[in-house]
Amino acid sequence: MRLSVIGCGYLGAVHAATMASIGHDVIGIDVDSAKIESLGKGDTPFFEPGLEEILNEGLKSGRLRFSQDFADAADADVHFLAVGTPQQQGSDAADLRFVHAALDSLLPVLREGALVVGKSTVPVGTAEDLARRIEHTGATLVWNPEFLREGWAVQDTLAPDRIVVGVPQGAAGAEAADTLREVYRAASTPTTPFIVTDYATSELVKVAANAFLATKISFINAMAEIAEVTGADVSTLADALGHDTRIGRRFLGAGIGFGGGCLPKDIRALTARAEELGVGEAVAFLHEVDQINLRRRDRVVQLAEASLGGSVYQRRIAVLGAAFKPHSDDVRDSPGLDIAVRLHGLGADVIVTDPAATENARQRHPQLTYTTSLDDALRDAEIMILVTEWDEYRRELSPTHAASLMRGSYVIDGRNALDPVDWRGAGFEYQGMGRR
């Protein structure tokens, strides 16, 4: 099929390349000339495992191309809206300017019978508004939320665990759902759940999923706070809870909390929208979820200060990680990078290392010192703080090797990813999050 993807950021670039990889003819549209030029050359503007390979395969096959001109998308059967919806400045609400701007630019080339498929994460009620705006063109709007995990986005698109489609009532909605079944046919199996619903439900699915995951993470971090003052071990607690099939072990990892471009903004946007709808009390608990998450960053700073006798001023601290999660170079609302900035603000000599995200981190916080060399980061450090659980740190870094480089003997494991026995055995004073 002929597809266009409007917006070639993280979501759009991945979607365009993967759709081309399963046989569709795809054109990616974006107003950012540098991004379009980079993608057109086969260079990914961000780190995502597997993306560069399928991007170049699509370009070589001729099934994938990129443009700044919306007119180049005129012959597409299906148009995917994949632009960002960041948090508004000075508000918790989602900023929909990019969604509306993308639709404004698409309207002149929309033809009767085309499908406009929203993939951006938006407040409930947005799709109804956009559907009214395109009604006169004879095109149909569908809402098809994405459920991508950064670091696994290609795999999640090529083998989704579910596909959710919000459609209008009547024959147009049924036909639109059938069209999307065809779009995703090569990326799904007969057992892949294909859920056809209304606009509102499809919009709520994504933010509800993120709100639930954020709540689960903050719950175990609240238990970590209790564990730290009682001598309990939150990792063993999480293991015991995880054996309950109603709960499960995933996302019960205590640490410094969640970050990135989705969970923090989505729980705030859901709260803001619920308040606009007059049902803010229903999700009031999400405010505390957010606060628990932010408190874990404070806790790491407190542990660093305590380790160094009450002050980090002019003390050398190695921070391992800048991305908000491994297998990504995304530093948006990164808990670890925030901790590094706070320690720097207290006068510490902070050096940050990360396998993929140092340049992105440098652009946001140039006041910090960065290196891609783990050895250089550890050399003469008095404290090592692990904040992103890359394999390079949790599996490949030898405590003995770290001891040979560092001046001090303190390790703060912000992700509970290291083996306390190994690190203590090498002479370190190990401190996890909610661990004995």
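Just so you know, all these numbers are worked out from the coordinates, no wet-lab data involved. The shown structure was predicted, so the numbers you read here are calculated from the model rather than taken from an experiment. Note that each Cβ is placed from the backbone with ideal geometry, even for glycine, and that neighbours are counted across all protein chains shown.
Summary table below
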item: Rounded Å value of the spacing that divides the Cα centres of region 156-183 and region 298-312; result: 51 Å
item: Coil-residue GluC sites (Glu not before Pro) of region 60-143, DSSP, other Cβ within 10 Å capped at 14; result: E112
item: Nearest-ten-degree value, helix 171-183 long axis tilted from longest Cα axis of the chain; result: 60 degrees
item: Label zone at T192, where the point sits 7 Å out along the Cα-to-Cβ direction: region 1-24 residues whose backbone N lies under 18 Å; result: 1-5, 11-24
item: Inter-label distance for A171 and A282, nm, one decimal - labels placed 7 Å from Cα along Cα-to-Cβ; result: 3.4 nm
item: Radius 13 Å from Cβ of L337, net charge of other residues (Lys, Arg +1; Asp, Glu -1); result: 0
item: Under 5 Å, built H, 5+ apart or other chain: amide partners of H79; result: S4, L115, V116, V117
item: Within the chain: Cβ-based charge dipole about Cα centre, in debye rounded to nearest 20 (Lys, Arg +1; Asp, Glu -1); result: 600 debye
item: Paramagnetic reach from R362 (point 7 Å along Cα→Cβ, amide N under 16 Å) across region 325-346; result: 329-331
item: Two-site FRET efficiency, R250 against D391, from Cβ-Cβ distance with R₀ of 22 Å, rounded to 0.05; result: 0.75
item: Within region 143-224, trypsin sites (Lys or Arg not before Pro) in DSSP loop having at most 13 other beta-carbon neighbours inside 10 Å; result: R149, R162
item: Relative intensity, log₁₀ I(q)/I(0), of region 233-436 from a Debye sum that treats every alpha carbon as a point, q = 0.14, 0.18, 0.19 Å⁻¹; result: -0.83, -1.27, -1.37
item: Loop trypsin sites (Lys or Arg not before Pro), region 235-278, which have at most 10 other Cβ atoms in a 10 Å radius of their Cβ (DSSP); result: R246, R250
item: Other-chain or far-sequence residues with amide H under 5 Å of Y410's (modelled H); result: M384, E429
item: Built amide H within the under 5 Å cut-off of G166, gap 5+; result: W143, N144, T197
item: Relative contact order computed over region 179-316 (Cα-Cα under 8 Å; 6+ residues apart), in percent; result: 24 percent
item: Euclidean distance between Cα centres, region 127-146 to region 185-216, Å; result: 18 Å
